Amino acid sequence: MPRPLCATIHLDSMQHNLARARACAPQSKAWAVVKANAYGHGLERGMKGFVLADGLALIETDNALRLRELGWIKPILLLEGIFDVSDVPLLAEHNINSTVHCIEQIKMLEYTQLYRPIDVHLKMNTGMNRLGFRPDEYAAAYKRLRAIPGVRHITHMTHFANADELEHPRLAISEQVRRFRAGVEGLAGERSLSNSAGVLHQEVLAQELENDWVRPGIMLYGGTPGGGRTAQDFGLRPTMTLSSEIIAIQQLVAGDTVGYGSRFEAGGPMQVGVVACGYADGYPRHAPHGTPVIVDGVRTSVVGRVSMDMMTVDLTPVRNARVGSKVTLWGDGLPIDEVASAAGTIGYELMCALAPRVRVSEGRMGTHG
Ligand SMILES: *Cc1c(COP(=O)(O)O)cnc(C)c1O
């Protein structure tokens, strides 16, 4: 018997969420973002789930090549571009679009003779201050890139710092859009602005966010970028259900403590269940007492400290709990955002941290465990 811990990936939910993204931005083409192993779902599953996307975008050059090996023939975009001049020939050879965010990358393209034209996304730094050319340097970067014979289409791109909050006091989306528009004025080419947060605001900010391409990530995996509204509010479905089983039950009396650090102390007689799942599986070690979990269909909570291979849960509300009872850590019936928020993090981090030792299968919602 394998360990009962399993991540079930719902390809049908991935398709559904992509359709939601398209409905939010019907005028745009969509890059489905599959970086970080498709946010922990597996690159190949990302490709299958988002087969209807116009392109796949990611960070890792080796995984871009892997997508070609797996038979993906539509566009691929490297969101951080290339890391070394030796990567340039791969772009032409495998028809991979590259982001260009700094002068060093332009030099790499100038230096290498491209035997087949490539398409690039030129990135503008409109206030995020991670990657890109400042609006006042942007036209010069564009001209220098335009002069390279092997460069075909140049798409203008920027990234929002606060798209999850419509009117952020420090840097509003509308301010980033204003800077972007000023920077690209008079330059030919398509435009790419929105991540998930931008896509989900499209209904409110349709005019401002109008663009040729959107780049949704987290929403395609049934998570939200933050900002208060839930995945359900946006009509998004969970794409990963992490489930396991109770492997032991302990009967406690008043004063008994549980686990490392004896952090939890029973106030009276109670039952705790031991779940086969720990931080070495990607469950957040910082999940405090009260973090939600579902046992036998009943919502209850984590007690005591999460350890490497196990965690303990309160069985008080679970009537017929036994060894073998099904446990849902997140996903179907328990939004990952709720678990993340209880643990002081975001759904992104939980998905991406799913450990390689966790068995992964594919199935529709309701069929896991
Ligand atoms: C990761 C990433 C996205 C997707 O962001 P989400 O918040 O997951 O939607 C979009 N654009 C770029 C450049 C990214 O790096």
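Could you grab me the full set of residues in the stretch 217-243 that are more than 15 Å from the ligand (Cβ to nearest atom) and either more than 33 Å from the chain's Cα centre (by Cα) or surrounded by fewer than 24 Cβ atoms within 10 Å (Cβ to Cβ) (or both)? Residues satisfying the conditions are G228, T230, Q232, D233, G235, R237, S243. Residues in the stretch 300-329 that are over 23 Å from L354 (Cβ atoms), charged (D, E, K, R) and either surrounded by fewer than 21 Cβ atoms within 10 Å (Cβ to Cβ) or in contact with a Lys or Arg (Cβ under 9 Å, 6 or more places away or on another chain) (or both): R319, R322. Condition check for L122 on (1) part of a strand (DSSP E or B); (2) more than 16 Å from the ligand (Cβ to nearest atom); (3) buried (at least 16 other Cβ atoms within 10 Å of the Cβ); (4) not hydroxyl-bearing (S, T, Y): one failure, at (2).
When each of V214, V204 is tested for being of a type in the set (A, V, I, L, M, F, W, C), over 16 Å from G132 (Cα atoms) and within 16 Å of the ligand (Cβ to nearest atom), the lone residue that passes is V214.
Yes or no, residue by residue, for (1) surrounded by fewer than 19 Cβ atoms within 10 Å (Cβ to Cβ); (2) more than 24 Å from A30 (Cα to Cα); (3) touching a strand residue (DSSP E or B) at 6+ places or on another chain (Cβ under 6 Å):
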residue	(1), (2), (3)
R130	yes, no, no
A141	no, yes, yes
P149	yes, yes, no
T155	no, no, yes
D164	no, no, no
E167	yes, yes, no
L171	yes, yes, no
S192	no, no, yes
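Taking the criterion of being touching a Gly at 6+ places or on another chain (Cβ under 6 Å), part of a strand (DSSP E or B) and of a type outside the set (F, W, Y), would at least one residue in the stretch 34-47 satisfy it? Looking through the stretch 34-47, none of the residues is touching a Gly at 6+ places or on another chain (Cβ under 6 Å), part of a strand (DSSP E or B) and of a type outside the set (F, W, Y). For the stretch 214-250, a residue qualifies if it is farther than 24 Å from E362 by Cα, assigned by TED's automatic domain parsing to the domain that holds E349 and among the polar types (S, T, N, Q), and exactly one does: Q250. Going residue by residue through the stretch 349-368, is there one that turns out to be out of contact with any helix residue (DSSP H, G or I) (no Cβ under 6 Å at 6 or more places or on another chain) and closer than 26 Å to Q251 by Cα? No, there is no match, as no residue in the stretch 349-368 is out of contact with any helix residue (DSSP H, G or I) (no Cβ under 6 Å at 6 or more places or on another chain) and closer than 26 Å to Q251 by Cα.
Looking at this structure, is Y279 among the hydroxyl-bearing types (S, T, Y) and without any contact (Cβ under 8 Å) to a residue 60 or more places away in the chain? Judged against the criteria, Y279 is a match.
Picking from residues in the stretch 136-172 that are basic (K, R) and free of Cβ contacts under 8 Å to residues at least 24 places away in the same chain, the one that is nearest to the ligand (Cβ to nearest atom) is R170. Please work out if G347 is at pLDDT 95 or above, crowded, with 18+ Cβ neighbours inside 10 Å, under 28 Å from the mean Cα position of the chain (by Cα) and not hydroxyl-bearing (S, T, Y). For G347, the condition - at pLDDT 95 or above, crowded, with 18+ Cβ neighbours inside 10 Å, under 28 Å from the mean Cα position of the chain (by Cα) and not hydroxyl-bearing (S, T, Y) - is met. So in the stretch 75-119, with the set limited to residues that are in contact with a strand residue (DSSP E or B) (Cβ under 6 Å, 6 or more places away or on another chain) and of a type in the set (S, T, Y), which one is surrounded by the most Cβ atoms within 10 Å (Cβ to Cβ)? Within the stretch 75-119, the match that is surrounded by the most Cβ atoms within 10 Å (Cβ to Cβ) is S98.
A21 - would you say it is farther than 17 Å from I76 by Cα, within 12 Å of the ligand (Cβ to nearest atom), of a type outside the set (D, E, K, R) and part of a helix (DSSP H, G or I)? Criteria met by A21. Filtered by the rule that a residue be under 17 Å from P2 (Cβ atoms) and of a type in the set (A, V, I, L, M), the stretch 237-258 gives L242, I246, I247. With respect to being farther than 30 Å from E44 by Cβ, within 26 Å of the chain's Cα centre (by Cα), buried (at least 19 other Cβ atoms within 10 Å of the Cβ) and modelled with pLDDT of 95 or more, A266 falls outside the description.
Checking S361, S307 one by one, the residue that is among the polar types (S, T, N, Q) and closer than 30 Å to I59 by Cβ is S361 and no other. Beta carbons closer than 9 Å, at least 6 apart along the sequence or on distinct chains, pair a first residue in the stretch 321-340 that is touching a residue at least 12 places away in the same chain (Cβ under 8 Å) with a second that is part of a helix (DSSP H, G or I) and of a type in the set (D, E, K, R) for L329/D281; W330/D337; W330/E338; A340/E349. In the stretch 17-30, the qualifying residues are those that are over 13 Å from the mean Cα position of the chain (by Cα) and not aliphatic (A, V, I, L, M), and the one that is surrounded by the fewest Cβ atoms within 10 Å (Cβ to Cβ) is P26.
The values are calculated or read from the model by the stated rules, or taken from the named source; none is laboratory data. Quick caveat: nothing in here was measured; it's all calculated off a predicted structure. With ideal geometry, Cβ positions are generated from the backbone for all residues, glycine too; neighbour counts draw on all protein chains shown.
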